[in-house]
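Here is the structure we will look at.
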């Protein structure tokens, strides 16, 4: 009953959003069933892989027709909101319900759709040291979730109804805000229906001579990030962290830029990790006097989507007094510009070492 209520409320909200569209835009909804496998990326989760998970994906999508330049540059993408109900078919994990914002990008005469969704999920049965100690995948009820969908899609096959089918990858993690957090990835086959909410659609606008070429001097950026996280030691406690970053960026085109910079990390969870390791694991060579701070350099790329951008960075610690998960780190996430001049911006990113997340970073920055 609870899941039925969630679906009905979602359809109602999506319908209201659709009614608010102006005549220059149209929208559609789609509903897909998916069935798949849990990826065995970590031996610690083998006891959680007992069956084939399944679920439903409901979304509302607003189409673009080129009224803004970025819409034409990206071949008229859709953007919208989506919801996933995911049953893991495992007594220790139960099900997850997740809500996302997403973009749809089109290829091969708009028959191939690639969707990227980012949002939050709610775990029905997170880890509990007494009642559910076997669920090492989710250490908290609130999770971060990302999904990728690659579908062959046809609209208006029968009146306003169409079909779509393909593959969907769904990822859940709490970003190590609380241990344990081995995370879960599922690879699924999906099939579903799409329904256009308007009888007709406008023509696509194509501006003659439109180019993605763009030049700009090197710009400098200053960013402050923070959050809370916990080491992999269950019960070691959550601590705040602070990250100060300075980097230069160079625009390559209207779509992208490259970055080069440095990070300084004040990771308070390492204080407890250092103390714990010096007492419990002397073979690690940690005596308890080590510094908890780290510093590194990174290279990165930024992909611009109107006032939003996708950031990906790879870094290497130059100052690394304590060995924790390796000397190479990765960062990926979203950046939203708060002004039309694109000087003030907010960021939300995940920092990781290979497949192991260290923390979810929320920050504010300024671009000179």
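The values are calculated or read from the model by the stated rules, or taken from the named source; none is laboratory data. All figures in this text were calculated on a predicted structure; none of them were measured in a lab. Neighbour counts are summed over all protein chains in view; Cβ atoms, including those assigned to glycine, are modelled from backbone coordinates with ideal geometry.
Couple of notes before you dig in:
- Top-ranked residue in the range 64-77 [being more than 25 Å from residue 188 (Cβ to Cβ) and not in a helix (DSSP H, G or I); ranked as nearest to the chain's Cα centre (by Cα)]: 74
- Against the list (1) part of a strand (DSSP E or B); (2) surrounded by fewer than 16 Cβ atoms within 10 Å (Cβ to Cβ); (3) without any contact (Cβ under 8 Å) to a residue 40 or more places away in the chain, the condition residue 258 fails is (3).
Residues checked against (1) under 27 Å from residue 181 (Cβ atoms); (2) surrounded by 16 or more Cβ atoms within 10 Å (Cβ to Cβ):
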site: 272; (1), (2): yes, yes
site: 296; (1), (2): yes, yes
site: 307; (1), (2): no, no
site: 327; (1), (2): yes, no
site: 330; (1), (2): yes, yes
site: 338; (1), (2): no, no
site: 342; (1), (2): no, no
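- Tally, over the range 145-180, of residues that are farther than 27 Å from residue 26 by Cα, touching a strand residue (DSSP E or B) at 6+ places or on another chain (Cβ under 6 Å) and buried (at least 18 other Cβ atoms within 10 Å of the Cβ): 8
- With respect to being crowded, with 17+ Cβ neighbours inside 10 Å, within 18 Å of residue 187 (Cα to Cα) and touching a residue at least 24 places away in the same chain (Cβ under 8 Å), residue 48 fits the description.
- Filter pass, residue 136 being surrounded by 14 or more Cβ atoms within 10 Å (Cβ to Cβ), more than 21 Å from residue 32 (Cα to Cα) and in the same structural domain as residue 252 (by TED's automatic domain parsing): no
- Taking the criterion of being surrounded by 15 or more Cβ atoms within 10 Å (Cβ to Cβ) and either part of a loop (DSSP other than H, G, I, E, B) or within 24 Å of the chain's Cα centre (by Cα) (or both), the residues of the range 274-290 that qualify are 286, 290.
- Given (1) in contact with a strand residue (DSSP E or B) (Cβ under 6 Å, 6 or more places away or on another chain); (2) within 30 Å of residue 28 (Cα to Cα); (3) not assigned by TED's automatic domain parsing to the domain that holds residue 84, number of the condition residue 210 does not satisfy: (1)
- Filter result for residue 140 (part of a strand (DSSP E or B) and under 22 Å from the mean Cα position of the chain (by Cα)): no
- The listed residues are 103, 92, and the only one of them that is surrounded by fewer than 21 Cβ atoms within 10 Å (Cβ to Cβ), touching a strand residue (DSSP E or B) at 6+ places or on another chain (Cβ under 9 Å), assigned by TED's automatic domain parsing to the domain that holds residue 181 and more than 30 Å from residue 235 (Cβ to Cβ) turns out to be 103.
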